[in-house]
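Following: one structure in structure tokens, then a few remarks.
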Amino acid sequence: DTGVSQDPRHKITKRGQNVTFRCDPISEHNRLYWYRQTLGQGPEFLTYFQNEAQLEKSRLLSDRFSAERPKGSFSTLEIQRTEQGDSAMYLCASSQIAGRTYEQYFGPGTRLTVT
Amino acid sequence: DQQVKQNSPSLSVQEGRISILNCDYTNSMFDYFLWYKKYPAEGPTFLISISSIKDKNEDGRFTVFLNKSAKHLSLHIVPSQPGDSAVYFCAASALFRGNEKLTFGTGTRLTIIP
């Protein structure tokens, strides 16, 4: 059973550096979502894809953030010129909205620390 | 504006008793609700969901109740077990109106006392 996987699990970077995270969804899922979670809060929506099309972006996703899902398979989330406020857990989820199944299944997350 | 609220940051329950976790929402467009469980250093794990056309959904020890008029839902865990100790998040979306993104509450930390 292969669930949602994310890589890396932890990333420490210096302010101003660029970072890229990868998410591999459950194989038959056509939807992929990115969320961000900070301490004491619930996950907050960033963006989502249906296949390779990016359908919605939150206003939380500033111009320094970009997400892609080439060929509708894995996805990458890049943060350019990182800031200390970017420190958070970045969560990926996937779903296959078909029949009566709508749940989003989450990966383990990538914890980003910007020093 | 917090559209999904979990007003109890923590809850302690004796093993074997019922755990009741509560959630309130303000957005009347929400029509699909989920509960997730989260252990430290892991992603949220899906537990149970309910659509707005129902008022109850049951899966094993977990039951979710939805009161649309009060904009309130609750998760009942019976009987509570030590492995249930985790942070529980309520989430909502306007799925059937074409908006899939989940809006989460801030979570309730459940501790089961052996």
So for chain A, taking the charge dipole from beta-carbon charges (+1 Lys/Arg, -1 Asp/Glu), which of A:GLN96, A:GLN17, A:THR110 sits furthest toward the positive end?
-> A:GLN17
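How large is the dipole of chain A about the Cα centre if only Lys and Arg carry +1 and Asp and Glu carry -1, each at its Cβ, rounded to the nearest 20 debye? Display every interim value, and only then the final one.
Details: 15 positive and 13 negative charges, 69 e Å.
Rounded to the nearest 20 debye, it is 340 debye.
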Could you give the dipole magnitude of chain B about its Cα centre, charging the beta-carbon of Lys and Arg +1 and that of Asp and Glu -1, in debye to the nearest 20?
-> 120 debye
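Using a probe radius of 1.4 Å on heavy atoms only, what accessible surface per residue do you get for the protein assembly as shown? Whole Å² is fine. Please list the in-between numbers first.
On the way: 11340 Å² over 229 residues.
I get 50 Å² per residue for the protein assembly as shown.
List the relative contact order of chain A as a percent without decimals, with contacts defined as Cα pairs under 8 Å and 6+ residues apart. All intermediate terms of the calculation are to be shown ahead of the outcome.
Working: 286 pairs, mean separation 41.7, N = 115.
Across chain A, relative contact order equals 36 percent.
So, with +1 on the Cβ of K and R and -1 on the Cβ of D and E, and no other charges, what is the size of the charge dipole of the protein assembly as shown about its Cα centre, to the nearest 20 debye? Could you put the intermediate results ahead of the total?
Numbers: 27 positive and 23 negative charges, 78 e Å.
With only Lys, Arg, Asp and Glu charged at Cβ, the dipole is about 380 debye.
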Would you mind giving the total buried accessible surface between chains A and B, with a 1.4 Å probe and ligands, DNA and RNA left out, rounded to the nearest 100 Å²?
-> 1700 Å²
For A:ARG15, other-chain or 5+-apart residues with amide H closer than 5 Å (H placed, Pro excluded) are A:THR115
Note down the nm distance, to one decimal, between modelled labels 7 Å out along Cα→Cβ at B:PHE96 and at B:GLN3.
-> 1.7 nm
Counting other chain Cβ atoms within 10 Å of each Cβ in B:90-101 and taking the mean gives 3
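The values are calculated or read from the model by the stated rules, or taken from the named source; none is laboratory data. Keep in mind that this is a model prediction, so the values were computed, not measured. Using ideal geometry, Cβ is built from the backbone for each residue, glycine included, and neighbour counts are taken over all protein chains shown. What goes into the accessible areas is simple: the full protein's heavy atoms, side chains included, and nothing from ligands, DNA or RNA. Shrake-Rupley method; radii C 1.70, N 1.55, O 1.52, S 1.80 Å.
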